[in-house]
Amino acid sequence: MPVSEAKLAANRRNAALSTGPRTPEGKERSRRNGLTHGLTGSGVALPTEDQAEISRRFAALRAQMRPKSDAGEQLVRRYAFLSVRLERSERHETSQTAGRIRHAIAKFDDERLAAVEALADRLYHEPATTVRRLQVTPEGIDWLRTEWSTLRADLNHEEKNRWTTNHRSRFDTLLGLNPGGYRVARIMALSEAVFGSFHHLDKADGDGLEGPARAEWARAELTRLIDEEVSRLDEVRARIDHEAIAADRAEAVDRALFDAAPEATLARKYEAATERAMYKALKEFRQVEAEFAEGPDPEVGDCEVEESDPVGSDCRGDEADPTPAKVEAESGHPEPDGDPSESSFPNISIGRAPKIEPGAAGPIDRG
């Protein structure tokens, strides 16, 4: 569909507004847009330092390998390029490994804390599963203890209105209970009593107490439950195999020696492919140079057979019927004097049909 004049004019105005990057930082980013990681392909754009190193290596390899053909020189150049790429891959792997080793311990600690934080995000939706899994590690138990300590501080704050329904829900979830269940749990009854509502308490709860005194009793009961849970968590923490955790932490450095991430696996494949390409270029260089040293195959001219010569030429410049000197030199048998038909081979005449003796028995084999 043809473009209208109005659309064409609008396109020209928009193009005039696109002036490209103006700041030094923007120009630097734009200049690097054409760069690739250089691990695949041979037509990649390379940093200036790599180009200089390739040129230097090519000059040194050409002086050492002395290519005689254009194809050999191109293979030497490719070998130089691949050697720089291989070293870059090796430097990349070495630096990555060194970085993993340096930060292995810190990463081990961070991953354990991150696992606790991920579980904490699921506490409200899966309280029972989350609380159970948090009690497997010291970090998870410490997180639970901190939450209980926060609840205890708010419950016994000098401002008595610090305790809210949100605290009561948190209390339930930290015990592994679904907040807002269909039944009135004891935590809910005690929380209501803290607010002055006692109708969900058992008759024996705070027996003989009324008003603020019974509310304080409920507050003390909640505090006692929190303290019991914290004590239980301390016992669970003491049963954890801390020596095994310390061994895992120390071995994090050894585990960092190998990176099983998909990106690292791909980088190792690139490095192996580059090494194979180097050996292939070197092998092809030797083949090309050997073929070039042998020179081109001699051209064989057309052979013409004369009517007077039933055998014809052998297409090598020699006559079909060699001279006696040639026969002696090539066969090692002296040429007999006289008629050349009387050779040392019985019944065979050089350059003629076989001689049949009269009276020879048996049929003649004309095959």
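The values are calculated or read from the model by the stated rules, or taken from the named source; none is laboratory data. Here the structure is a predicted model, which means the values were calculated and not measured. For neighbour counting, all protein chains shown are included, and Cβ atoms are generated from backbone atoms with ideal geometry for every residue, glycine included.
Just a few scattered comments:
- Qualifying residue in the range 47-61 (condition: at pLDDT below 85 and not in a helix (DSSP H, G or I)): yes
- Of the criteria (1) in contact with a helix residue (DSSP H, G or I) (Cβ under 9 Å, 6 or more places away or on another chain); (2) touching a residue at least 60 places away in the same chain (Cβ under 8 Å), which one Arg133 fails: (2)
- Residues of the range 97-121 satisfying the condition of being surrounded by 15 or more Cβ atoms within 10 Å (Cβ to Cβ) and among the β-branched types (Val, Ile, Thr): Thr97, Ile101, Val116
- Residue list for the range 253-299, filter: outside any helix (DSSP H, G or I) and of a type outside the set (D, E, K, R): Ala256, Leu257, Phe258, Ala260, Ala261, Gly295, Pro296, Pro298
- Residue pairs whose Cβ atoms lie under 8 Å apart, sitting 6 or more positions apart in sequence or on different chains, and linking a residue in the range 56-80 that is closer than 14 Å to Ala281 by Cα and free of Cβ contacts under 8 Å to residues at least 60 places away in the same chain to a partner that is surrounded by 15 or more Cβ atoms within 10 Å (Cβ to Cβ) and among the hydroxyl-bearing types (Ser, Thr, Tyr), are Leu61/Tyr79.
- Residue within the range 62-76 that is loosely packed, with under 12 Cβ neighbours inside 10 Å, at negative phi and aliphatic (A, V, I, L, M) present: yes
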